[in-house]
Amino acid sequence: MPPLKKCFHIKGRDFIHAGQAAITVQKLLRQMGIAQSLIRRIAICGYEGEMNVVMHGGDGLFCVEIDADRISLEISDDGPGIEDIARAMERGFSTALEEYQEMGFGAGMGLPNMENHSDELHIESAPGKGTTVRMLFHSPETGDSQED
Amino acid sequence: MPSAYVQFEEKYCTGCTKCVRACPTKSIRIRNQRAVLLEHLCIGCGECIRVCPEGAISPVMSRRGLEKTDKITVAIVSPILYAQFPGVMPCDVLMSLNHMGFDHAIDLSYYLEMYQYAVERFIEQNRERKETPWPLISPICPVVKRLIALKHPGLLDHILPLKRPVALVESGIRREISEQYAVSEDDVLLYHLTPCPSKVTYGDTDDPEDRSGLNPAIGVNDIFPRLLEEVEATREMDLNLYPYRHLSFIPNARGPLWAMSGGEIAGMNIDRALAVSGLQEVKKYIEKIEMGLFQDTEYIEFRACPEGCIGGPLTAVDKYLARSTVQKLIKMFGLGRRIQPRKLRRLYDRGWFFSQTKPSDYREEIEDKSRSLTIEDMRRIEYILSQTPGHDCAACGAPDCRTFAEDVVRGYARLTDCYKFALDQCRDSNKFSDKTSE
Ligand SMILES: Nc1ncnc2c1ncn2[C@@H]1O[C@H](COP(=O)(O)OP(=O)(O)OP(=O)(O)O)[C@@H](O)[C@H]1O
Ligand code: SF4
Ligand code: SF4
Ligand SMILES: [Mg+2]
């Protein structure tokens with residue numbers, strides 16, 4: 001059976017609706033009986049990824065795929081891209097504008113957090129080519145694994 | 001445990017769907033043109049009571065007023081009550097309760113201060129021990145606790161494991177009064193006067209062993225008309241003839257302050273605290289905590305009702321009027337503290353403030369008992385949803401098209417409850433009858 005896939009648009013610089021995709025996914029997973037701790041991890045990763053698009057990337061797409069043995073998030077944008085991925089992964093590294101720092105963002109903790117809370121993290125990005133972040137979470141317990 | 005917080009009176013309900021749409025947990029449907037409740041999803045917030053134009057919905061508790069009884073009756077007074085009487089001193093309100101028939105009326109403000117002390121101490125210790133995750137969530141609002149248990153059980157650990165002030169009162173007052181009157185503790189009847197439709201239920205008590213679960217509650221709006229008469233009479237009375245018989249402490253302005261959003265944290269020495277009120281806002285903040293935000297905030301005071309408890313569904317006076325009354329009381333009395341930290345510290349260290357039930361125990365009681373949906377279910381829901389008109393018209397009896405699709409998959413609803421599917425079916429059978437008539 002093909003996995004269940006849902007996608008949401010992310011609008012760049014829209015701080016009012018930022019986080020909405022991550023919240024919707026959170027609700028979906030809860031209805032499916034996914035373990036709380038896993039929902040939490042996915043919510044954190046989804047939120048950080050979504051915020052990065054809103055703040056650095058511009059417009060983008062947030063997709064979740066749910067399979068019996070794994071859940072994946074794919075968050076992509078066609079924004080400026082990341083020059084040095086290894087550098088971007090460092091804790092504390094940030095190119096966030098000052099105005100965003102004033103809003104409480106730009107601690108340079110987003111990507112490190114995503115790495116921490118996902119089982120696998122893959123980034124594809126190059127200057128001018130946009131960014132795609134893929135995160136995998138292994139062996140969720142979905143409603144499928146429960147007897148009814 | 002009472003099976004529901006609210007009840008629907010069939011003969012008044014017109015099936016207008018207002019409550020269906022207002023319910024934050026989507027726990028109401030229309031069936032046979034009448035509202036029905038999915039009890040396992042109700043958190044007792046009272047939003048439905050507010051919006052029903054027919055007055056068909058009432059809190060389960062308000063069936064009980066002050067009963068005729070030989071027992072000693074004690075009113076535990078939510079400070080919201082004072083905010084209902086502009087220009088009246090809290091003491092006069094308490095005395096009026098006496099005249100109305102309560103043997104005692106207990107003001108909560110001292111207990112509120114004690115509670116605040118305990119929160120400060122807990123936070124101080126948690127800064128070093130880091131045993132409870134930040135942000136700590138106030139345990140005061142039972143609706144918020146239930147919302148968390150139902151929708152975000154992963155955050156139950158954030159709820160501060162302290163007793164609520166009402167539970168602090170209950171832990172001693174019954175004995176105190178039974179001794180004073182030389183009656184047994186069973187002959188002391190505690191009433192909660194409250195603006196909140198969700199107070200008297202087993203499961204709300206901080207201690208399952210104590211008896212507060214059995215205590216009747218009376219809505220502030222229920223008692224208001226009678227009390228207003230008494231308050232007016234009291235103010236014309238020669239007070240020297242009627243000694244004031246409330247038990248413990250003279251009210252100050254900290255009680256009324258507590259009734260407003262922000263009042264819980266305003267009296268405390270914590271740097272990084274937030275107050276959030278109104279269910280929509282509360283939901284947003286809880287979702288954000290779930291996404292890892294606010295970890296540098298120490299304490300969040302959540303109130304499901306807008307502007308705090310003065311905005312409760314069972315109040316008599318508009319919340320903005322009530323707020324201005326509170327502000328006047330604060331000006332008059334100030335916000336001095338009366339507690340003696342040294343004494344309280346000993347109590348704290350002995351564990352007196354701590355709730356016997358862990359917030360995570362709450363989970364079993366409230367947990368969302370709906371069946372988990374499978375990937376296949378989800379696919380069907382998406383498909384049905386794509387076939388609905390998508391206007392969230394609620395004419396099917398569900399609050400929105402997505403919930404309708406879920407209901408169909410769960411077996412709570414039929415496809416033809418939605419007019420679009422009914423129409424399609426109708427067309428199909430017309431085609432059929434057209435053919436047969438040809
Ligand atoms: N989608 C993206 N497009 C372009 N650059 C990005 C994108 N995502 C991350 N980056 C770059 O990687 C850096 C580090 O990202 P990270 O999420 O770790 O921190 P941050 O977003 O700057 O701060 P924080 O997430 O703590 O608010 C960013 O400052 C930015 O330069
Ligand atoms: S009290 Fe709140 S949760 Fe319960 S049915 Fe009414 S609106 Fe819904
Ligand atoms: S709001 Fe609900 S209970 Fe009130 S009349 Fe409408 S459908 Fe019936
Ligand atoms: Mg980031």
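The values are calculated or read from the model by the stated rules, or taken from the named source; none is laboratory data. Just so you know, these numbers come straight off a predicted model, no measurement behind them. FYI the Cβ positions are ideal-geometry reconstructions off the backbone, even for glycines, and counts take in every protein chain you see. Side chains are part of the model used for accessible areas, which takes the heavy atoms of the whole protein and leaves out ligands, DNA and RNA. Shrake-Rupley method; radii C 1.70, N 1.55, O 1.52, S 1.80 Å.
Within a straight-line Cα-Cα reach of under 17 Å, A:Lys5 can be paired with the following lysines, leaving aside sequence neighbours fewer than 8 residues apart in one chain: A:Lys27. For A:Phe8, the solvent-accessible surface with a 1.4 Å probe is about 40 Å², rounded to the nearest 10. Longest exposed-loop-site-free stretch of chain A, with trypsin sites (Lys or Arg not before Pro), DSSP loop and at most 15 other Cβ within 10 Å? Between exposed loop sites, the widest span is A:14-90.
Within the straight-line cut-off of under 20 Å between alpha carbons, the lysines reachable from B:Lys328 are B:Lys319, sequence neighbours fewer than 8 places apart in one chain being disregarded. Database remark: amide H of A:Ile82 closer than 5 angstrom to the amide H of A:Ala126 (H placed geometrically; neighbours at sequence offset of 5 or more, or on other chains; Pro and chain starts carry no H). Relative to the current alpha-carbon distance between B:Lys284 and B:Tyr419, full extension at 0.36 nm per residue lengthens the span by 45.3 nm.
For the protein assembly as shown, what proportion of DSSP beta bridges, expressed in % and rounded to the nearest 5, is antiparallel? Antiparallel: roughly 65 percent of the beta bridges in the protein assembly as shown. For B:Asp368, the amide hydrogen comes within under 5 Å of no other amide hydrogen, counting only partners 5 or more places away or on other chains and with H modelled in the peptide plane. Summary of the geometry: the stretch B:1-73 and the stretch B:279-295, compared by the centres of their Cα atoms, lie 27 Å apart. Residue ranking by accessible heavy-atom surface, 1.4 Å probe, largest first, among B:Ser429, B:Ser277 comes out as B:Ser429, B:Ser277. Restricting the GluC sites (Glu not before Pro) of the stretch B:38-139 to loop positions (DSSP other than H, G, I, E, B) with no more than 10 neighbouring Cβ atoms within 10 Å leaves B:Glu131.
Assuming charge only on the beta carbon of Lys and Arg (+1) and of Asp and Glu (-1), the dipole of the protein assembly as shown about its Cα centre is about 1000 debye to the nearest 20. Taken as Cα centroids, the stretch A:4-61 and the stretch A:111-135 sit 14 Å apart, rounded to the nearest whole angstrom. In percent, rounded to a whole number, the relative contact order of chain B is 21, using alpha-carbon pairs under 8 Å and six or more apart. Between A:His122 and B:Ser360, the FRET efficiency from the beta-carbon distance, with R0 = 56 Å, is close to 0.95. By a 1.4 Å probe calculation restricted to protein chains, A:Met135 has an accessible surface near 0 Å², given to the nearest 10. Here the spin labels are modelled as points 7 Å beyond Cα on the Cα-Cβ line, and at B:Ala182 and B:Ser370 they lie 5.9 nm apart.
With a simple spin-label model that places each label point 7 Å from the Cα along the Cα-to-Cβ direction, the separation between B:Gln33 and B:Ile270 comes to 5.1 nm. Of all aspartates and glutamates in the structure, those lying under 13 Å Cα to Cα from B:Lys71, and not within fewer than 8 positions of it along the same chain, are B:Asp103, B:Glu185, B:Asp186, B:Asp187. Ordering A:Phe105, B:Val20, B:Leu385 by the projection of their Cα atoms onto the charge dipole of the protein assembly as shown, which places +1 on the Cβ of Lys and Arg and -1 on the Cβ of Asp and Glu, puts B:Val20 at the extreme positive end. Given B:Gly172, B:Pro142, B:Val276, which one lies farthest toward the positive end of the charge dipole of the stretch B:72-365, if we put +1 on the Cβ of every Lys and Arg and -1 on the Cβ of every Asp and Glu? Value computed over the given set: B:Val276. Near B:Ser78, the amide H atoms lying under 5 Å from its own belong to B:Leu193; only residues 5 or more places off or on other chains count, and H is placed 1.01 Å from N. In the structure shown, the pairs B:Lys145/B:Lys358; B:Lys11/B:Lys420; B:Lys151/B:Lys358 are assessed against 20 Å; a Cα-Cα span above that value is assigned to B:Lys11/B:Lys420. Sequence-distant contacts, meaning Cα pairs under 8 Å at least 6 residues apart, place the relative contact order of the stretch A:4-142 at 28 percent. Comparing the full protein assembly with the isolated chain, the residues of the stretch B:364-400 losing at least 50 square angstrom of accessible surface (1.4 Å probe) are B:Ser372, B:Ile375, B:Met378, B:Arg379. Between the residues B:Tyr111, A:Gly19, B:Leu66, the greatest Cα displacement towards the positive end of the dipole of the protein assembly as shown, with unit charges on the Cβ of Lys, Arg, Asp and Glu, is found for B:Leu66. Sites listed here are chymotrypsin sites (Phe, Trp or Tyr not before Pro) in the stretch B:292-337 whose DSSP assignment is loop and whose Cβ has at most 12 other Cβ atoms within 10 Å, and the list is empty. If R0 is taken as 51 Å, the Cβ-Cβ distance between A:Arg87 and B:Cys426 corresponds to a FRET efficiency of 0.20.
When only the Cβ of Lys, Arg, Asp and Glu is charged (+1, +1, -1, -1), the dipole of chain B relative to its Cα centre reaches about 600 debye. Shape class of the stretch B:373-438 from the alpha-carbon gyration tensor: prolate, with a/c at 1.5 or above and a/b greater than b/c. From helices alone, the protein assembly as shown scores -11500 deg cm²/dmol at 222 nm; the rule is -39500 (n - 2.57) for each run of n ≥ 4 DSSP H residues, then divide by the residue total. Debye-formula intensities of the protein assembly as shown, expressed as log10 I(q)/I(0) at q = 0.09, 0.11 Å⁻¹, are -0.80, -1.10 (one equal scatterer per alpha-carbon, no solvent).
Basic side chains Lys and Arg get +1 at the Cβ, acidic Asp and Glu get -1 at the Cβ, and with that the dipole of the stretch A:8-148 about its Cα centre reaches some 280 debye. For B:Arg402, the shell of other residues with beta-carbons less than 11 Å away shows a net charge of -3, using +1 for Lys and Arg and -1 for Asp and Glu. Here chain B is scanned for trypsin sites (Lys or Arg not before Pro) in DSSP loops (not H, G, I, E, B) that have at most 11 other Cβ atoms within 10 Å, and the longest stretch holding none of them is B:131-349. In the context of the full set of protein chains, residues of the stretch B:72-365 present 40 Å² of accessible surface per residue (probe radius 1.4 Å, heavy atoms only). Taken over the stretch A:4-142, the alpha-carbon convex hull comes to 95 cubic angstrom per residue. Considering only beta bridges that DSSP places wholly inside chain B, some 30 percent are antiparallel.
One quarter of the surface of the convex hull around the alpha-carbon atoms of chain B equals 25.4 nm², the direction-averaged projected area. Ratio of Rg to Rh for the stretch B:40-79: 1.09 [Cα atoms; Kirkwood radius as inverse mean 1/r over pairs].
Counting only protein heavy atoms and a 1.4 Å probe, tell me what percentage of chain B's accessible area is made up of carbon and sulfur. In chain B, the share of accessible area belonging to carbon and sulfur is 49 percent.
When B:Trp134, B:Trp352, B:Trp258 are compared by accessible surface with a 1.4 Å probe, the order from highest to lowest is B:Trp352, B:Trp134, B:Trp258.
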